[in-house]
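Take a look at the structure set out below.
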Amino acid sequence: LALAAAGLETWDMDLRTGRVLKGEAPPDKEGQGGALDDVHPDDRERRQAALEALVREGTPYEIEYRLLRPGGLVAWVAAGGALLRDEAGEPARVIGVSQEIAERKPAQVATLASLHQKEVLLKEVHHRVKNNLQVISSLLRLEARRLNDPLTAGALRGMTGRVRSMALL
C-alpha cells in the first residue's frame, strides 16, 4: 500500500535469464517479461549500460528512461536498483523501484532549456562588458600618452590598470 501510495513499482530482474518480475505478479501472470521489452528503443542501450555498470563496477543504478505503454503511449520513469549476489558471490539479481515522472520530466526539460538560455545571455553580457572595458582602457592609455603632466599621466595609467583588472574579473 505504501508503494502504491507513493506511485512506486517494484521489480526484480534475474540477470541469468533477463526476466523481470514487476510488482507482486506471479510468474504466470502479466508483469513478467524481458528486461528491455517495454523500454523505448532510443533508451535501451543507455539503460543496459547502466545495468552493466552496476554489475561490473557496483556503480549505483539510478536512471531516467522512457517506457512504451499500451496504445503507443510513452511514459518517463525514474528507476533505482541494487545488485544481489548468489551464494558463490556472482551477480544474480537486481531489485529496485521505478516511479513514473510524467509531471516532473517536462518541468525538468523546461528548466534545463531556461538555464541554457541564461548561460547564453550571461556569456553575451560578459563579452559586451569586457569589450567596453577594453575600450575604456585604450582611451585612458591614449590620453595618458598625450599628456605632458607626469602626475596626471600616472593617475591615468593607474586607472587603466584598475579597468583591466575589472575586465579580467
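The values are calculated or read from the model by the stated rules, or taken from the named source; none is laboratory data. Computed from a prediction, not measured in an experiment: that's the story for all the values here. Counting neighbours? That spans all protein chains shown, and the Cβs are built from the backbone with ideal geometry, glycine included. Remember, those area values only see protein heavy atoms, side chains included, never the ligands or the DNA or RNA. Shrake-Rupley method; radii C 1.70, N 1.55, O 1.52, S 1.80 Å.
Would it be correct to say that Gly89 is surrounded by 11 or more Cβ atoms within 10 Å (Cβ to Cβ) and of a type in the set (Gly, Ala, Ser)? Before the answer, list the steps.
Values: surrounded by 11 or more Cβ atoms within 10 Å (Cβ to Cβ): no; of a type in the set (Gly, Ala, Ser): yes.
When the stated conditions are applied, Gly89 does not pass them.
Whether any residue in region 128-140 is under 30 Å from Arg56 (Cβ atoms) and modelled with pLDDT of 85 or more is what I want to check.
no
Taking the residues in region 130-142 that are touching a residue at least 12 places away in the same chain (Cβ under 8 Å) and either among the basic types (Lys, Arg) or within 17 Å of Leu169 (Cβ to Cβ) (or both) as candidates, determine which candidate is least open to solvent (accessible area, probe 1.4 Å). Show your work before the answer.
Within region 130-142, the first condition is being touching a residue at least 12 places away in the same chain (Cβ under 8 Å), and the residues that meet it are 130, 133-134, 136-137, 140-141.
Checking which are either among the basic types (Lys, Arg) or within 17 Å of Leu169 (Cβ to Cβ) (or both) leaves us with 130, 133-134, 136-137, 141.
Values: Lys130: 83, Leu133: 25, Gln134: 95, Ile136: 79, Ser137: 8, Arg141: 80 Å².
Per the stated criteria, the residue is Ser137.
In region 48-70, how many residues are of a type outside the set (A, V, I, L, M, F, W, C) and open to solvent by less than 70 Å² (accessible area, probe 1.4 Å)? Please lay out each step first, then the result.
Here is the first cut: in region 48-70, the ones of a type outside the set (A, V, I, L, M, F, W, C) are 48, 52, 56-62, 64-66, 69-70.
Keeping just the survivors that are open to solvent by less than 70 Å² (accessible area, probe 1.4 Å) gives 48, 58-59, 61, 64-66.
The number of residues fulfilling the criteria is 7.
Test of understanding: among Gln99, Gln108, which residue is modelled with pLDDT under 95, surrounded by 12 or more Cβ atoms within 10 Å (Cβ to Cβ) and in a strand (DSSP E or B)? Please lay out each step first, then the result.
Details: Gln108 fails: in a strand (DSSP E or B).
Unique residue meeting the criteria: Gln99.
Show the residue pairs that are 6+ apart or on different chains and have beta-carbon atoms under 8 Å apart, the first residue being within region 102-113 and closer than 18 Å to Leu67 by Cα, the second being open to solvent by 60 Å² or more (accessible area, probe 1.4 Å).
Pairs that qualify, where the first residue is closer than 18 Å to Leu67 by Cα and the partner is open to solvent by 60 Å² or more (accessible area, probe 1.4 Å), are Ala102/Trp76; Arg104/Trp76; Lys105/Trp76.
Which members of region 70-96 meet the condition of being in a loop (DSSP other than H, G, I, E, B) and either more than 18 Å from Val39 (Cβ to Cβ) or in contact with a strand residue (DSSP E or B) (Cβ under 7 Å, 6 or more places away or on another chain) (or both)? Write out each step before concluding.
Here is the first cut: in region 70-96, the residues in a loop (DSSP other than H, G, I, E, B) are 73, 86-90.
Result: Asp86, Glu87, Ala88, Gly89, Glu90.
Name every residue in region 68-96 that is closer than 17 Å to Asp12 by Cβ and under 20 Å from the mean Cα position of the chain (by Cα), in order of residue number.
Val77, Ala79, Gly80, Gly81, listed by residue number.
Of the numbered conditions (1) more than 30 Å from Trp11 (Cβ to Cβ); (2) hydrophobic (A, V, I, L, M, F, W, C); (3) modelled with pLDDT under 85, Ala113 satisfies every one except a single condition; which is it?
(3)
With (1) under 30 Å from Pro41 (Cα atoms); (2) over 18 Å from the mean Cα position of the chain (by Cα); (3) not polar (S, T, N, Q) as the list, and Arg104 as the residue in question, which single condition is left unmet?
Status for Arg104: all satisfied but (2).
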